[in-house]
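Asks: I have a structure I would like to understand better, so I am pasting it below and will then ask my questions one at a time.
Derivation of every value follows stated rules applied to the coordinates shown; laboratory data play no part. All figures in this text were calculated on a predicted structure; none of them were measured in a lab. So basically every Cβ, Gly included, is an ideal-geometry build from the backbone, and we count neighbours across all protein chains shown.
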Amino acid sequence: MRALFLAFTILATCSISTVWAKAAPFRAGIARITVSASTPFDTLVWYPTQAEEVAWQIGPFPIAASRDAPIAAGPFPIVLISHGGGKTGGSPLTLRDLSTSLARQGFIVVAPMHGKTDLSGRMVQVDRAFNTVLADPRFHAHAASDKVGMLGFSLGGAVSLGLAGGVPDFRHLASYCAAHPDDVQSCNAGPGGSKGKAADKEMRQPASNIALKALVLLDPFSIPFSREGLKNVSAPVFLFRPRQSKLGEENTRALVKNLPVSPPLQYVTGGHFVFTDTCPPALKAEASDICEDAKGVDRTAVHKEVETKVGSFFRDNL
């Protein structure tokens, strides 16, 4: 029995070591690409490299990935990232640690800077950023265009669902907001616009050639999607929900109930912005609602858990 136990322990240890070896075999590089459009926009690309990581900064944001380092030999699966919105428009730099982690795990991460673009426009931006990266000579030979996943945070969750085949119905959103005026983040201060009315008109669904094979949604804004609007979302979905989020929980409950396949749901401690990176000192005073966590919330620990589980999910499904 003792010999059997020792053998099991050794096997388990080897398995864990193998998982970790697979999880972070690379260092992270980063490039900034300008995407041609009627209104050009920039896209950040994190990617695996064998070069040493040299830290630097974009404004107040520390970047752990090496700028314009040569990409490692691929091909690598691709993860598209759509950041949150709200009044400021958001930035992919608030998810830079997660993007860096994915690059170290062997993914090419494509994260457009959406600015204050609306939902439909953000979907177009993701599509154009994806195709621009595929055409870039630095990445063309190293990107596995048939292995594409997407991660969306907040409004980025709606962008992800739309690109995965979901069809938003803003009358559904307006009806929800009329019945739930207390859900301020969904209906007023957040991505839904003023009481959901900013998006009452029919949205033109942009054409896209992206075949998404897996979705990770971090506290997504999904109220605009009814059961009918979600019927064509066939990619596996992994949901994360912070226990203290002020974004209405119906955003999560409705997805669990209405997606064709009920997704796994992972709860974490913290509020809506617990998924965003620890704020640089220069921003803490300006954005306390984003930067400050409730007592007992360890944002760093949450990030480590999310990075590990997100990487595993994409590895298993791409």
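Asks: Which helices, taking whole DSSP H runs in the chain, have alpha carbons extending 30 angstrom or more along the helix axis plus mean Kyte-Doolittle at least 1.0?
Replies: In the chain, the long hydrophobic H runs are 2-23.
Asks: Next question. Sort 174-185, 135-146, 208-219 for me by packing, meaning the mean count of neighbouring Cβ atoms within 10 Å per residue, highest on top.
Replies: Values: 174-185: 16.0, 135-146: 14.3, 208-219: 21.9.
Packing proxy ranking, top to bottom: 208-219, 174-185, 135-146.
Asks: Using amide H atoms built 1.01 Å from N in the peptide plane, name the residues 5+ places from Gly29, or on other chains, whose amide H lies under 5 Å from its own.
Replies: The list, which skips near neighbours in sequence, is Tyr47, Thr49, Ser66.
Asks: For a quick protection proxy, order the peptides 236-246, 260-270 by their average other-Cβ count within 10 Å, most packed first. Write out the running numbers ahead of the final one.
Replies: Working: 236-246: 20.3, 260-270: 15.0.
Ranking the peptides 236-246, 260-270 by packing returns 236-246, 260-270.
Asks: Further question: May I ask you to list the residues of region 238-262 whose amide nitrogen lies under 17 Å from a point 7 Å from Cα along the Cα→beta-carbon direction of Glu305?
Replies: From region 238-262, the list is 238-246.
Asks: Give me, ordered by chain and number, the residues 5 or more places off Leu151 or on other chains with an amide H under 5 Å from its own placed amide H.
Replies: Counting only residues 5 or more places away or on other chains, the set is Leu80, Ile81, Ser82, Val216.
Asks: Can you tell me the FRET efficiency between Asp298 and Asp136 if r is taken as the Cβ-Cβ distance and R0 is 41 Å, rounded to the nearest 0.05?
Replies: On the way: r = 38 Å, r/R0 = 0.93.
Rounded to the nearest 0.05, the efficiency is 0.60.
Asks: Hey, how many Å between the Cα centroid of region 248-318 and the Cα centroid of region 24-80?
Replies: 22
Asks: Another question, then. Using the Karplus equation 6.51 cos²θ - 1.76 cosθ + 1.60 (θ = phi - 60°), what ³J(HN,Hα) coupling, rounded to whole Hz, does each residue of region 34-40 give in order, writing x for Gly and Pro?
Replies: So the J values, rounded to whole Hz, are 8, 9, 6, 6, 4, 10, x.
Asks: If amide hydrogens are placed 1.01 Å from N in the peptide plane, which non-local residues have theirs closer than 5 Å to the one on Met113?
Replies: For Met113, the qualifying residues are Asp42, Thr43, Leu44.
Asks: Order these peptides, 112-123, 157-168, by their mean beta-carbon neighbour count within 10 angstrom, highest first.
Replies: Working: 112-123: 20.5, 157-168: 26.3.
Ranking the peptides 112-123, 157-168 by packing returns 157-168, 112-123.
Asks: Let me ask something additional. Taking a label point 7 Å from the Cα of Ser312 along the Cα→Cβ vector, which residues of region 132-156 have an amide N closer than 20 Å to it?
Replies: 149-152
Asks: Which residues does the label zone of His180 cover in region 266-309, counting backbone N under 19 Å from a point 7 Å along Cα→Cβ?
Replies: Only 266-268, 270-274 pass the distance filter.
Asks: Further question: Among Ala55, Pro224, Pro264, which residue has its Cα furthest toward the positive end of the charge dipole of the chain, with +1 on Lys/Arg Cβ and -1 on Asp/Glu Cβ?
Replies: The one lying farthest along the dipole's positive direction is Pro264.
Asks: Relative contact order for the chain: what percent, with Cα pairs under 8 Å and sequence separation of 6 or more? Kindly include the intermediate steps, with their values, before the conclusion.
Replies: Details: 659 pairs, mean separation 48.0, N = 318.
About 15 percent, as a whole number.
Asks: Contour minus end-to-end for Phe61 and Lys116, with contour as 0.36 nm per residue of separation and end-to-end as the Cα-Cα distance? If you can, show how the numbers build up before the last one.
Replies: Working: separation 55, 0.36 × 55 = 19.80 nm, distance 1.98 nm.
Gain on stretching Phe61 to Lys116: 17.8 nm.
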